[in-house]
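Each remark here refers to the structure printed beneath this line.
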Amino acid sequence: MNKIFVYGSLMTGGRYHQYCLGGKPKLGNAVAAGYKKYLFGGGLDGIAPEEGEAVEGEVYEVDEKTLNRMDFFLNNGTIVTRQLINVQMEDGTTAETYAYIWTGSGDM
(Lines give C-alpha, C1' and ligand atoms only; values in the text may rest on other atoms or scores of the structure.)
Protein backbone atom coordinates (compact mmCIF):
# COMPACT_ATOMS: atom_id res chain seq x y z
CA MET A 1 0.00 0.00 0.00
CA ASN A 2 1.01 3.60 -0.65
CA LYS A 3 0.29 6.91 1.02
CA ILE A 4 -0.84 9.93 -0.97
CA PHE A 5 -1.15 13.56 0.11
CA VAL A 6 -4.09 15.30 -1.54
CA TYR A 7 -5.20 18.92 -1.46
CA GLY A 8 -7.99 21.01 -2.92
CA SER A 9 -10.52 19.22 -5.12
CA LEU A 10 -9.28 15.74 -4.10
CA MET A 11 -9.95 16.31 -0.38
CA THR A 12 -13.05 15.09 1.46
CA GLY A 13 -16.04 16.92 -0.01
CA GLY A 14 -14.01 18.10 -3.01
CA ARG A 15 -15.23 17.85 -6.58
CA TYR A 16 -13.04 14.84 -7.51
CA HIS A 17 -12.72 13.10 -4.13
CA GLN A 18 -15.30 10.37 -4.69
CA TYR A 19 -13.98 9.48 -8.16
CA CYS A 20 -10.35 9.22 -7.08
CA LEU A 21 -10.46 8.27 -3.40
CA GLY A 22 -13.98 7.14 -2.53
CA GLY A 23 -13.78 4.35 0.06
CA LYS A 24 -10.03 4.63 0.63
CA PRO A 25 -8.87 4.96 4.25
CA LYS A 26 -8.01 8.48 5.35
CA LEU A 27 -4.94 8.45 7.60
CA GLY A 28 -5.36 12.04 8.74
CA ASN A 29 -4.84 15.69 7.96
CA ALA A 30 -1.36 16.94 7.08
CA VAL A 31 0.68 19.96 5.98
CA ALA A 32 3.24 20.04 3.18
CA ALA A 33 5.77 22.72 4.15
CA GLY A 34 7.69 24.40 1.34
CA TYR A 35 4.85 24.17 -1.21
CA LYS A 36 2.26 26.64 -2.50
CA LYS A 37 -1.14 25.77 -3.99
CA TYR A 38 -2.21 27.17 -7.35
CA LEU A 39 -5.75 27.12 -8.76
CA PHE A 40 -6.41 26.25 -12.39
CA GLY A 41 -9.52 26.04 -14.53
CA GLY A 42 -12.04 23.24 -14.27
CA GLY A 43 -11.84 23.02 -10.49
CA LEU A 44 -8.32 21.58 -10.56
CA ASP A 45 -5.36 22.76 -8.55
CA GLY A 46 -1.69 22.00 -8.16
CA ILE A 47 1.17 22.57 -5.76
CA ALA A 48 4.70 23.67 -6.53
CA PRO A 49 7.79 24.16 -4.38
CA GLU A 50 7.89 27.60 -2.76
CA GLU A 51 10.01 28.38 0.27
CA GLY A 52 8.11 29.79 3.23
CA GLU A 53 4.71 28.48 2.06
CA ALA A 54 2.63 25.48 3.21
CA VAL A 55 -0.32 23.53 1.86
CA GLU A 56 -2.94 21.83 4.01
CA GLY A 57 -4.33 18.52 2.87
CA GLU A 58 -5.19 14.93 3.71
CA VAL A 59 -3.26 11.67 3.57
CA TYR A 60 -4.85 8.46 2.28
CA GLU A 61 -3.72 4.87 1.98
CA VAL A 62 -4.14 3.67 -1.61
CA ASP A 63 -3.27 0.69 -3.78
CA GLU A 64 -1.46 0.69 -7.14
CA LYS A 65 -4.76 0.57 -9.05
CA THR A 66 -5.90 3.79 -7.38
CA LEU A 67 -2.54 5.48 -8.08
CA ASN A 68 -2.76 4.45 -11.74
CA ARG A 69 -6.31 5.89 -12.01
CA MET A 70 -5.13 9.14 -10.39
CA ASP A 71 -2.08 9.28 -12.69
CA PHE A 72 -4.38 9.04 -15.71
CA PHE A 73 -6.94 11.52 -14.35
CA LEU A 74 -4.31 14.13 -13.43
CA ASN A 75 -2.16 13.67 -16.57
CA ASN A 76 0.86 12.48 -14.58
CA GLY A 77 4.07 13.29 -16.42
CA THR A 78 2.73 16.27 -18.34
CA ILE A 79 1.11 18.89 -16.13
CA VAL A 80 1.99 17.25 -12.82
CA THR A 81 4.40 14.57 -11.70
CA ARG A 82 3.80 12.17 -8.85
CA GLN A 83 6.69 12.55 -6.40
CA LEU A 84 7.54 11.44 -2.89
CA ILE A 85 7.47 14.28 -0.35
CA ASN A 86 7.45 14.54 3.43
CA VAL A 87 4.39 15.94 5.15
CA GLN A 88 3.69 16.67 8.79
CA MET A 89 0.68 14.77 10.10
CA GLU A 90 -1.73 16.39 12.55
CA ASP A 91 -0.28 14.23 15.36
CA GLY A 92 3.17 15.78 14.77
CA THR A 93 4.74 12.80 13.00
CA THR A 94 6.35 13.03 9.57
CA ALA A 95 5.09 10.80 6.77
CA GLU A 96 6.61 10.11 3.38
CA THR A 97 3.79 10.29 0.84
CA TYR A 98 3.21 10.67 -2.84
CA ALA A 99 1.88 14.03 -4.03
CA TYR A 100 1.14 15.49 -7.43
CA ILE A 101 3.52 18.41 -8.03
CA TRP A 102 2.81 20.95 -10.78
CA THR A 103 5.53 20.98 -13.45
CA GLY A 104 5.04 24.69 -14.10
CA SER A 105 4.05 24.11 -17.69
CA GLY A 106 0.85 23.41 -19.58
CA ASP A 107 -2.69 24.36 -18.74
CA MET A 108 -4.78 22.39 -16.31
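The values are calculated or read from the model by the stated rules, or taken from the named source; none is laboratory data. In this text the structure is predicted, and so the values were computed from the model without any measurement. Every residue, glycine among them, receives a Cβ derived from its backbone with ideal geometry; neighbour counts consider all protein chains shown. The protein model used for the area step is the full one, side chains on, heavy atoms only, and it has no ligands, DNA or RNA in it. Shrake-Rupley method; radii C 1.70, N 1.55, O 1.52, S 1.80 Å.
Placing +1 on the Cβ of every Lys and Arg and -1 on the Cβ of every Asp and Glu, with nothing else charged, gives the chain a dipole about its Cα centre of roughly 340 debye.
DSSP loop chymotrypsin sites (Phe, Trp or Tyr not before Pro) in segment 19-82 with at most 15 other Cβ atoms within 10 Å of their Cβ, which ones?
Values: sites: 19, 35, 38, 40, 60, 72, 73; in loops: 40.
Taking segment 19-82 and a limit of 15 other Cβ atoms within 10 Å, the loop chymotrypsin sites (Phe, Trp or Tyr not before Pro) found are 40.
Rolling a 1.4 Å probe over the protein heavy atoms of the chain, with every protein chain left in place, gives an accessible area that is 47 percent carbon and sulfur.
In the context of the full set of protein chains, the chain has a per residue accessible area of 54 Å² (1.4 Å probe).
Each 5 Å bin from 0 upward holds the following percent of the Cα-Cα pairs of the chain: 2, 13, 25, 28, 21, 9, 2, 0. Rolling a 1.4 Å probe over the protein heavy atoms leaves residue 39 with an accessible area of roughly 140 Å². One chain, two ends: residue 56 and residue 36. Fully extended at 0.36 nm per residue, the span grows by 6.2 nm beyond their Cα-Cα distance.
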